[in-house]
Number of protein chains: 2
Amino acid sequence: MSSEIPLYDIVIIGAGPVGLLLSVCLSRWGYKVKHIDNRPVPTATGRADGIQPRSIEILKNLGLKSKIFAHHPARVHEVAFWDPAPEGKIRRTGTWASCPEFLDGRYPFTALLHQGLIERVLIEDIEKNGTIVQRPWTITGFATNHANPDYPVEVELKNIDSNVSEIVRAKYLYSGEGARSFVREQLGVQIRHLDPISYVWGVMDGVVRTNFPDIKMKCTIHSDHGSIMVIPRENNMVRLYIQIASSTDPDFNPRKTATVAEVQAAAKKILAPYYLTWDRVEWYSVYPIGQGLADKYTLDHRVFMGGDVCHTHSPKAGQGMNTAFHDAINFAWKMHLVESGFSNRDTLETYEVERRFTAETLLNFDNKYAALFSQRQPTAAEVSGAAVEQKTDEAEKNPFIEMFKANCEFTSGFGVAYNGNVFNHTSEHAFQNPLLITDSPKLRAGRILPPADVTRVVDANVVHLENEIPFNGAFRLFIYGGLGASPKKGQHKALSDLSAGLLAPGSFYSRFRYTNRTRDIHHDSDNPHSRFFSVALTLAAKRPEIEISELPELFHDYSARVYADDRRDIKVLDAKASAHAKVGLTGNEGAVVVVRPDGHVGISVRLVEGKGTVEALEGYFKTFTTQGSRTPSDSGLGGGVDQVRAQL
Amino acid sequence: MSSEIPLYDIVIIGAGPVGLLLSVCLSRWGYKVKHIDNRPVPTATGRADGIQPRSIEILKNLGLKSKIFAHHPARVHEVAFWDPAPEGKIRRTGTWASCPEFLDGRYPFTALLHQGLIERVLIEDIEKNGTIVQRPWTITGFATNHANPDYPVEVELKNIDSNVSEIVRAKYLYSGEGARSFVREQLGVQIRHLDPISYVWGVMDGVVRTNFPDIKMKCTIHSDHGSIMVIPRENNMVRLYIQIASSTDPDFNPRKTATVAEVQAAAKKILAPYYLTWDRVEWYSVYPIGQGLADKYTLDHRVFMGGDVCHTHSPKAGQGMNTAFHDAINFAWKMHLVESGFSNRDTLETYEVERRFTAETLLNFDNKYAALFSQRQPTAAEVSGAAVEQKTDEAEKNPFIEMFKANCEFTSGFGVAYNGNVFNHTSEHAFQNPLLITDSPKLRAGRILPPADVTRVVDANVVHLENEIPFNGAFRLFIYGGLGASPKKGQHKALSDLSAGLLAPGSFYSRFRYTNRTRDIHHDSDNPHSRFFSVALTLAAKRPEIEISELPELFHDYSARVYADDRRDIKVLDAKASAHAKVGLTGNEGAVVVVRPDGHVGISVRLVEGKGTVEALEGYFKTFTTQGSRTPSDSGLGGGVDQVRAQL
């Protein structure tokens, strides 16, 4: 009987942002995915719409940015604050950047585009890689049992139209069902409300005509008649958020609602003396929302949850979809590395640890944000200070600006910083080695690698170094040659020693090499030796000085991943080599920066002559890797990674 | 009888680059276009593939770049030279940039993508705007006569499959038929051969495997066994050009051919000692080619020709498609401005004058290029000088490098510089005024406007100023406020005077204003007042200092076209206002730069208090405009311009 049950690597419930992005990754990497959603069709209008700066980088790294940006999202570079003015008017009291320069974001703006267009791009990618999102299907039951130890999760699904049921078995079940989750309920996982206050929100998308000057900006407007948030959208649209009720109201009713006309009338009053009329309304919704955080993201490390299943909060900071994206990619690579025999199974525990910590930070931030915008109105002096925050020392010390900085780093996505654990070796970690770089503010374990432009040697293209290795499930070894070393044949002993050490039998790098020696790697500079490692070498030299054939052996198969650090960068104009400077390397010594598959730094090791560098890297990897590849074939899983290749 | 004949604004013959781009423009602007091609389907493989830096800007300005780049063209940033080395080997003797920094191109590379993919994007745009490319149809006859004076061209067309014929009348006939042109032949227009030498070329596209290090670069390779040109392509492909025969050969036969195997064997020999094998061949062709230039591009200013109909040359510099693009847009805006009642009919004469001059320059260049690469091999010393050409004074004086510079400016498309005529007012032009800026090396009539980043005031987006006004058929008034002037209300008298002067009844600007006063311009910052003018105002101030409502009246309807010149630019780091500096404005005085619809500067006038600036602009426009709009309706032609809106 059980042999007739269809077997999958994973069953994904829900085709919102978290389920779709997880499905994109696993489908590309060759996993067998069963993916269902209980809605008959994808999102048509409205819902989430904000793609934060770090999320844009993630989409770029997945090769999906250009397809999403083909829909011409609105771009929010600055936020404007409007406050009550005499005679019932409103006035702008300040503006500030969505992603200020000190954050050094590659895309320093929020992109606004409705969720349906984003879903469409993800679904197209999923289908191209052989997975179908089946609709309208729902989950009716699941259990983890030993009927088939390789596929321990039994899942019962039902078609909502036909009532046909199906039982499948899988290695994993992942719930991205949204705030109302059958899986979470069945598991008995509780939602904690960090803030006991709940709200009713109204949200309206449409095309308006107005003489309000900041209608193309993100604005928070406080007036004597209430508050509103304005967010520009694609296709000349605008979104208005209005808080309709709060549980702090004396007559609070969580089912309180408001008609389109009522919300429009309220907006008109708030914006006076500016006029506001509507050409058309595209979408309107009223919904109650509370702050909630799930106690657990998994109980048995087979059934996992993510996205709104685990965390709900106000829509004001535009974080929902972004947190979902992070949940998805965080789980994707960890499951991949366990299932393909690279990481020990217990590394899956870091999914909940890392993502729940971020959600907690988000909810704490959301609390502050709500307090800031619903209760406290910044004075003109404070906010005009914020607008010029990079100019004066006094401004730097303004506590309001300090709080703003901390918040905008987090809301941009650059504040997603994981604590030390088996993947992120901070100075508190058990494994220590004198070659580790632990005190650099530019290379912090758990944070992303700073962006840098370099020249690719093989074709002289100017590229984004941080994006050169796509999200392919592999660990990234970013090797920096150092300022003093010559790229000429035999003149860079540290690099030769590194190459020899990595290629030596038994090294962490060699243990996971393809066993199929006839494998064709001629056109593959992403994963020529193993699906678990991608290498990028950056040399502080002019492009014509670098001959790839003269580099140590390791790099011959990475010919399209060798870079000249010869570009001027306006942020480090005095640097001899700007990509080196961006990661804090200003001396002759180079470094190997190990970056996790999701772009977060794992560990940084100085590049020195001798065996020390490889030994330090060994020390890192042996904390979580298995003893070698145990997958039967090199050509099965991972066959889809070529398609991940992101283009600049 | 003649009343039953279908009437069109234009009949376009041929759906190669020139015909398609012309059709794109005219279809967008609401013209009734009859467009035919004698091939049953669009180009499937091969043919032209090089999009030069300036052409990329043109596609960007048309809003087509992202769709074309979605096909991931290869990017050529540098060219490598390989020459014979001892023992029958080859060695790299130098490299240089495709588009060196001094040219200041926004996209400093050539994009390589096969013509069919580019055609597909253009055809999609044409169809979206209501024109269909009919296939396989051919032209069998045409005549200019007075049977219908409004539609003086009678054209006879035939379906090649069904032999069905159709007679139509049109205001214009445009031939983009390619080198073998029925229209040119019927007109009796001669092709002159500037160079009596003709060649037979072999060209092959495919995927190779090789250890030749520069396979991802554009290379010219000379060896003891012959010469070859290597060009990288999309999808990991490479294109090889091999000269098979020359009329200078003693046994020259223009029908000489070579098999795929013969060309592959020749390439293998030339590249030795590097190996070269073929995974697959995508396209292969052998064709004879000579340098030819048509005597005339039109005889009666009703039947016009462009693209390969008028000029043929070697494929080596990748200029064919680019020259076709320029031909198409040059004709498109001129015909548009005549047909919509803005320009005098005799301005159509400038089409042949400007485009034939460029073709002549191209053919002269092609001669030199052929001499350089087929006969003369640069010495190692010369070329290594070229690679560092921006470093030393000696290198600057090397005649080889001087020639390279002149050539790369032309091949990048930035050397397309039109001589003085009714549209390009140089210092030799009859109309003179003391406020004209004629001596600035950065603002030369007939050249394109230098690129600059600015901050758009209305939404704080960082944008490309030169691209903010799309190719909408309108003249562009780029207004620079100057460094000394305050953007505050009433404090910029020169700007107020300009606004008042332009809005005054009877000004060149007002004469062409929409007559329909109820026209809805709320969402139109491109053409709020007239379809013939678009305005962009750049102020040397920080974005928060600029309040659009405080600017003079003209700019209120251009709210999305007001910019803060507050970005740092690595090319003009010391500038107080980098966009001003890019056009040579470093003093307190501003300027109005009139840019033709195709991006070339027409005239530049100082912005001064009083009436002088508007009077100087009047002097320019009255040399070619009619006395006012004579079109019956504001909503007919030009209705499609909203779709031209290019996105950053």
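Read the figures in this text as sums done on the coordinates, not as results from a lab. These figures come from a predicted structure and were not determined experimentally. Ideal geometry is used to build each Cβ from the backbone, glycine not excepted, and the neighbour counts take in all protein chains shown.
Which aspartates and glutamates have a Cα less than 17 Å from the Cα of residue A:296, not counting those fewer than 8 places away in the same chain?
Filter leaves A:177, A:185, A:308, A:327, A:346, A:349, A:352, A:354, A:360.
By its C-alpha gyration tensor, with a ≥ b ≥ c as the square roots of the eigenvalues, how is region A:453-644 shaped: rounded for a/c under 1.5, else prolate for a/b larger than b/c, else oblate?
Taking the square roots of the gyration eigenvalues as a ≥ b ≥ c, region A:453-644 is prolate.
Given N residues in chain B, what is its alpha carbon radius of gyration divided by 2.2 N^0.38 Å? Could you put the intermediate results ahead of the total?
Numbers: Rg = 25.7 Å, N = 648, 2.2 N^0.38 = 25.8 Å.
Ratio of Rg to 2.2 N^0.38 Å for chain B: 1.00.
Run through the other copies and list how far each one's label point is from that of residue A:44, in nm with one decimal, shortest first; the point sits 7 Å from Cα along Cα-Cβ.
Inter-copy label distances (nm, one decimal, shortest first): 4.1.
Counting only other residues whose beta carbon sits under 9 Å from that of residue A:496, what net charge do I get with K and R as +1, D and E as -1?
Working: positive: A:493; negative: A:497, A:553, A:609.
Here the charged neighbours net out to -2.
Convert each backbone phi in region A:462-475 into a coupling constant with the Karplus relation 6.51 cos²θ - 1.76 cosθ + 1.60 (shift: θ = phi - 60°), then list the ³J(HN,Hα) values in order as whole Hz, x for Gly and Pro.
7, 9, 8, 4, 5, 10, 6, 9, x, 6, 10, x, 9, 5
Starting from a label point 7 Å past Cα on the Cβ side, list the distances from residue A:179 to the same position in the other copies, nm, shortest first.
When each copy's label point is compared with this one, the spacings are 6.8 nm.
Against the longest principal axis of chain B, how steep is helix B:260-271, in degrees 0 to 90 to the nearest 10, with axes from Cα atoms?
It is inclined by approximately 90 degrees.
Name the chain A residue nearest the rotation axis between A and B, going by Cβ position, and give the distance in whole Å.
Value returned for chain A: A:570, 3.
By how many degrees, 0 to 90 and rounded to 10, does the Cα axis of helix A:115-128 deviate from the longest principal axis of chain A?
Tilt of helix A:115-128: around 30 degrees.
Which order do A:200, A:189, A:76, B:18 fall in if you start with the one that has the fewest other Cβ atoms within 10 Å?
On the way: A:200 22, A:189 18, A:76 25, B:18 31.
In increasing order of surrounding Cβ atoms, one gets A:189, A:200, A:76, B:18.
Want the number for residue A:299 to residue A:193: 0.36 nm per residue separation, take away the alpha-carbon distance, what's left?
Numbers: separation 106, 0.36 × 106 = 38.16 nm, distance 2.01 nm.
Gain on extension, residue A:299 to residue A:193, equals 36.2 nm.
Tell me the Kirkwood radius of region B:108-174: reciprocal of the mean inverse pair distance over distinct alpha-carbon atoms, in Å.
It works out to 14.5 Å.
Quick one: dipole size for region B:192-288, taken about the Cα centre, charges +1 on Lys/Arg Cβ and -1 on Asp/Glu Cβ, in debye to the nearest 20.
Working: 11 positive and 10 negative charges, 30 e Å.
With Lys and Arg at +1 and Asp and Glu at -1, about 140 debye.
Between residue B:574 and residue A:256, with labels modelled 7 Å along Cα→Cβ, what's the label distance in nm to one decimal, could you check?
Inter-label distance under the simple model: 6.3 nm.
For chain A, what does the helix formula give at 222 nm: sum of -39500 (n - 2.57) over DSSP H segments with n ≥ 4, over the residue count, nearest 500 deg cm²/dmol?
Values: 15 runs with 157 residues, N = 648.
Here the helix-only value at 222 nm equals -7000 deg cm²/dmol.
With r as the distance between the Cβ atoms of residue A:71 and residue A:224 and R0 = 60 Å, compute the FRET efficiency 1/(1 + (r/R0)^6) and round to 0.05. Can you show the working numbers first?
On the way: r = 38 Å, r/R0 = 0.63.
E between residue A:224 and residue A:71, to the nearest 0.05, is 0.95.
What are the residues whose amide H is under 5 Å from the amide H of residue B:173, where those residues sit 5 or more places off or on another chain and H is modelled from the backbone?
Answer set, sorted by chain and number: B:11, B:303, B:304.
Using 0.36 nm per residue, how much length does the chain from residue B:247 to residue B:442 gain when fully extended, once their Cα-Cα distance is taken away? Working shown, then result.
On the way: separation 195, 0.36 × 195 = 70.20 nm, distance 4.34 nm.
The residue B:247-residue B:442 span can extend by a further 65.9 nm.
What does the net charge come to around residue A:142 if you take all other residues with beta carbon closer than 14 Å to its beta carbon, with K and R at +1 and D and E at -1?
It works out to a net charge of 0.
So if R0 is 60 Å, what FRET efficiency would residue A:346 and residue A:91 give, r being the distance between their Cβ atoms, rounded to the nearest 0.05? Walk me through the intermediate numbers first.
Numbers: r = 57 Å, r/R0 = 0.95.
That pair, residue A:346 with residue A:91, gives E of 0.60.
Restricting to chain A, compute how many DSSP beta bridges are antiparallel as a %, nearest 5. Each step should come with its number before you reach the end.
Numbers: 80 of 108 bridges.
Once the DSSP bridges in chain A are tallied, antiparallel ones form about 75 percent.
Three principal axis extents, largest first, for the C-alpha atoms of the protein assembly as shown, in Å?
88, 87, 66
Excluding residue B:600 itself, calculate the net charge of residues whose Cβ lies under 11 Å from the Cβ of residue B:600, where each Lys or Arg counts +1 and each Asp or Glu counts -1.
Details: positive: B:54, B:444, B:447, B:476, B:596; negative: B:354, B:598.
Its environment carries a net charge of +3.
Work out the FRET efficiency for residue A:426 and residue A:361 from their Cβ-Cβ distance, taking R0 = 22 Å, and round it to the nearest 0.05. Before the final figure, lay out the partial values.
Details: r = 17 Å, r/R0 = 0.77.
Calculated transfer efficiency: 0.85.
Once you put a point 7 Å from the Cα of residue A:235 and another 7 Å from the Cα of residue A:547, both along the Cβ direction, what distance in nm separates them?
5.8 nm
Please determine, in degrees from 0 to 90 and to the nearest 10, the orientation of helix A:399-412 with respect to the longest principal axis defined by the Cα atoms of chain A, where the helix direction is its Cα long axis.
60 degrees
State, to one decimal in nm, how far the label point of residue A:287 lies from the label point of residue B:180, with both points 7 Å from Cα in the Cβ direction.
Output for this residue pair reads 6.3 nm.
On alpha carbon coordinates alone, what is the Rg over Rh value for region A:89-139, Rh being the Kirkwood radius? Write down the numbers at each step before the final one.
Details: Rg = 19.3 Å, Rh = 15.3 Å.
In region A:89-139, Rg relative to Rh is 1.26.
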